[in-house]
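Structure, as structure tokens:
Just so it is clear, none of the values below were taken in a lab; they were calculated from the coordinates. Note that the structure is predicted; figures quoted are calculated from it, not measured. In this analysis, Cβ positions are derived from the backbone assuming ideal geometry, glycine residues included, and neighbour counts consider all displayed protein chains.
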Amino acid sequence: MNSTTAEHGSTTTADAIRATFLDFFAARGHTVVPSASVIPAADPTLMFVNAGMVPFKNVFSGQEARPYTRATSSQKCIRISGKHNDLDNVGVTARHQTFFEMLGNFSFGDYFKEEAIHSAWELLTKVYEIPKDRIIISVFKGGDGFPADDEAAEIWRKITGFGDDRIVRLGLADNFWSMGDTGPCGPCSEIHVYQGNDLDVSSFGQEVTIDGVGWTELWNLVFMQFDRASKGAPVTELPSPCIDTGMGLERVACVLQGVMSNYDTDLLRPLVEKVATLSGKPYQSSRSHDDVAMRVIADHARATAFLIAEGVMPDKQKREYVLRRVMRRAIRHGHQLGIARPFLHEVAGEVVDRMGAVYPELVDRRGLIEHVVEDEEVRFRATLKRGVKILNERFAELRSRGEQTLPTSAAAELYSTYGFPLDLTEVISAESGFTVDVEGARAIVHEDHEGDGPIDPNAAVDSVYHQVNQAPASFIGYESEVGHSTVTAIVRVSVDAEGEAKPTLAAVERAGVGETIDLAVAQTPFYAESGGQVGDVGTIRAPGLRIAVTDTHTPLPGLILHRGVIEEGSVELGQELELAVDHASRAATRRNHSATHLLHWALREVLGEHASQKGSRVGPDVLRFDFTHSRRLTPEQITEIERLVNDKILADAPVATDVLPFDVAKQKGAQAIFEEKYGDTVRMVTMTPEVVELCGGTHVSALGQIGLFKILSEGGIAAGVGRIFAATGHNALRHVHEIEDELWRAKQAAKAEAGDLVRKIERMSERERELERKLAKLQRSLLEGSSAGGIDAILGRAREIDGIKVLGYRAPDGTESAALRELAEKLRDRLGGPAAVVLGSSADGKAKLVAVVSKAAVKRVRAGDVVKDVATIVGGRGGGRPDLAQAGGNDVARLDDAIAAVHDLVQQKIQA
């Protein structure tokens, strides 16, 4: 056994290590802060929370105040792609994961270096009992205008008794931390532990391998003591220096449990063994391909489960793309292990079993996690099978020509036509001995899916709002739609060329008629946009003053801003105002918002527990509700959902609200919503015993006030996510009237009697199809037997280019697509042997193109490539299979030019 393990180490569970850490700092005056979401609220420019300090960023920068000056947490973190890219190392090294937990203790202007160092040393050596002779400390040696951290080195000497051989000095890259080019920064001190039996201090820097020994960077203590006002500016001392530390739970568990790899700890080894069981292969803790694959799947299953539990669904953009990439990477490793059926949902279920006690959101959303993961795997396995087959065909073709580079266009076509991921094309190409320009392919398909980089560089809150963010405003809108208060801040708002409102760089003390402003008051009845509910509109008045409020928003917690135009008079700081919410708009919004909760319940009743809210938008006119489900709703399901919701409305149950601790609300069965971020105290809305949800929005006082609920439309917006638009009250009734009016007009047009409309339309549709068939037949006859000599005359236009017969021809205007395609195939077959045919026609002011290539020629020229180039001449685009492709364009005047260019374009493709 590894000699670093104390007698109790082999039985030290990760749960116990985590609890010990938090208890240790709680006993020293730290507030235990639950893990924040991995979707960062404090820094909207980040894709994911990638360090334990991220939820406290605004506290460190002085932009947010907390009711404590000491904190400790075990924070969920994800590092995938972007600046913090651990993805390629996952499963290969002993220490890298995409998902991990970061243990940390924080001081916000309270204690500093000496207490932080003393606490770390005591916890590691006296509580966790890590042998002192296996520890080395690193401190900052100075650089870039920052002094060496001699203070930290001296404290370490005093506490540990170490000399310079055990307190090493490193530079900026290793021992200095900054939040960015500007803001708080400072030196850090790392604690490294040696794992193995033959300790050699001179080997410091050798990292632990999967099946070897070495040093582990265990804990990083950051001493935030400097500030830099602007990039390149001199640094100054912070008036209240802070402490930020981070220690990976997986790493300390590895040390205390006496194993060489994080994947052999009780956090990850059960997941690895689950994969081994599913694959029927033993796990041997080696660097073999199979063992790496098992580790990758174990890690990716954790990231998958946690991301889905927090409302991220696999899709094509931003966070959703990152999740899809991780899932598909795991699925492909399972495929290579020989697991022939969907399996990842079972490993994700094991994550829930192992970690659900600490993170109950996993348990709450087990059904959703397993449903989404299995559904994604079923789809991807079909994509994988198709894509690998196409790639192998291209590889064989390229090898026959002695080539080792997959064309960029081929990789792009695999993605755009079949949805085959570019990074997977790169991996499979490399494994098969081919290179491919993936970045070039990304440029072709305009793909831009970065992982852990900025999700939206412009999403950071404007500094002016931090300047005016004083005491939190009091919201009185649950009780009243009218209130009186005083002005606490005014921000002048300008509108840019795109119509976007932009605040000025500083708040103002007074604004006059015609100006657009953001107005803050001490208390307000106006609801600020949040939780999917739009901000209230209304009027703000005072003698000689009238402001039309067009929106209410909250850029920072507690800061409620009324955006409006001053229609009369002027407003200034400290002025007394009357604030009146527009009653009709508020009432309609209340009806829609309450209906979303009933809809959420009805969806779960009809579709299953996986149908959870993914997002919503509630305004006075319509409600939009996004939910997790992989299929379109059937008419029968829509009818049943409407029936369930309207039954609840007719029952007219009173709606009760309670403000209580989050844990108590959860115990009472309250449903938490993905898009909401909850504090310690929450507002619980109870509509019926089955409909109990956490919500801060405004609601009806009794369900009967909703009136009528009607679904307007439904459909999918992303893989596994559906969207419903619905209306209530007068808006629902208006929709019903519109349907009735449309039915009446349809009956008039069809000359149908009551109850006869459907039969009439069916007969008219059949008649239309019959006429279309006759028209197509007539067009084919005219094309083949035209006065120009028929089909033989058309074939005479063909030219042979390097052994391939190439034909371009403009068919008569108005030719239907089906007839055009049929003629092209007939011409190709009549030409015989290697042949390529491109036909064009015009209809409804647009150019139509079709290209066909015979099997004998498809290895040298592809229909999709040819038609794309021809289509550019008529200002269009297109594509398709190697043997058949279609395109269109708006420049009909250049259709003859496009057809005339066919021979030259095909020649270029053949010789490329």
Can you give me the distance in nm between label points at V388 and H466, each placed 7 Å from the Cα along the Cα-to-Cβ direction? 5.1
What's the FRET efficiency of I638 with A746 using the Cβ-Cβ distance as r and R₀ = 25 Å, to the nearest 0.05? 0.75
Taking N as the number of residues in segment 750-902, the ratio of its alpha carbon radius of gyration to 2.2 N^0.38 Å works out to 1.21
Could you pull the Cα extents of segment 76-161 along its three principal axes, largest to smallest, in whole Å? 40, 38, 27
Where does the charge balance sit around L905 when Lys and Arg score +1, Asp and Glu -1, over other residues with C-beta under 11 Å from its C-beta? -1
Across all directions of projection, what mean area in square nanometres is found for the Cα convex hull of segment 269-445? 10.5
Could you tell me which of the pairs K57/K274; K774/K868; K826/K848; K318/K648; K389/K855; K389/K859 are separated by over 27 angstrom between their Cα atoms in the structure shown? K57/K274; K774/K868; K318/K648
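Please grab the % of Cα pairs in segment 858-912 that end up more than 13 Å from each other.
Roughly 55 percent, rounded to a whole number.
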Take the Cα atoms of segment 825-868, find their three principal axes, and give me the spread along each one in whole Å, biggest first. 35, 22, 8
Per residue, the convex hull enclosing the Cα atoms of segment 463-581 spans a volume in Å³ of 95
If you average the C-alpha positions of segment 130-151 and of segment 628-694 separately, how far apart do those two centres end up, in angstrom? 54
To the nearest 500 deg cm²/dmol, what mean residue ellipticity at 222 nm is calculated for the chain from DSSP H runs of n ≥ 4 alone, each contributing -39,500 (n - 2.57), summed and divided by the residues? -11500 deg cm²/dmol
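Which of rounded, prolate, oblate describes segment 718-760, given a ≥ b ≥ c as roots of the alpha-carbon gyration tensor eigenvalues and a/c under 1.5 marking rounded, otherwise prolate only if a/b is larger than b/c?
Verdict is oblate for segment 718-760.
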What's the long-distance tail for segment 595-649, i.e. % of Cα pairs beyond 18 Å? 29
Using label points projected 7 Å from each Cα along Cα→Cβ, tell me how many nm separate E151 and E738, to one decimal. 6.6
Translational D (Stokes-Einstein, µm²/s) of segment 9-264 at 4 °C and 1.567 mPa s when Rh comes from the Kirkwood sum over C-alpha pairs? 69
Considering only C-alpha atoms, what is the centroid distance from segment 714-749 to segment 843-865, in Å? 41
Rounded if a/c under 1.5, otherwise prolate or oblate - segment 586-738, Cα gyration tensor axes: oblate
Cα shape, segment 505-640, gyration tensor, a/c 1.5 rule: prolate
Rounded FRET efficiency, nearest 0.05, which uses the C-beta distance separating E273 from E115 and R0 of 51 Å: 0.75
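Give me the extension gain from D88 to R799: residue separation times 0.36 nm, minus the current Cα-Cα distance, reported in nm with one decimal.
Stretched out fully, the D88 to R799 stretch lengthens by 250.8 nm.
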D144 versus E509, label points 7 Å from Cα toward the beta carbon: distance in nm? 4.1
Compute the projected area of the convex hull of the Cα atoms of the chain, averaged over all viewing directions, and report it in nm² to one decimal place. 46.5
Binning at 5 Å from 0, report for segment 524-601 what percent of all alpha-carbon pair distances ends up in each bin. 3, 14, 23, 21, 17, 11, 6, 3, 2, 0
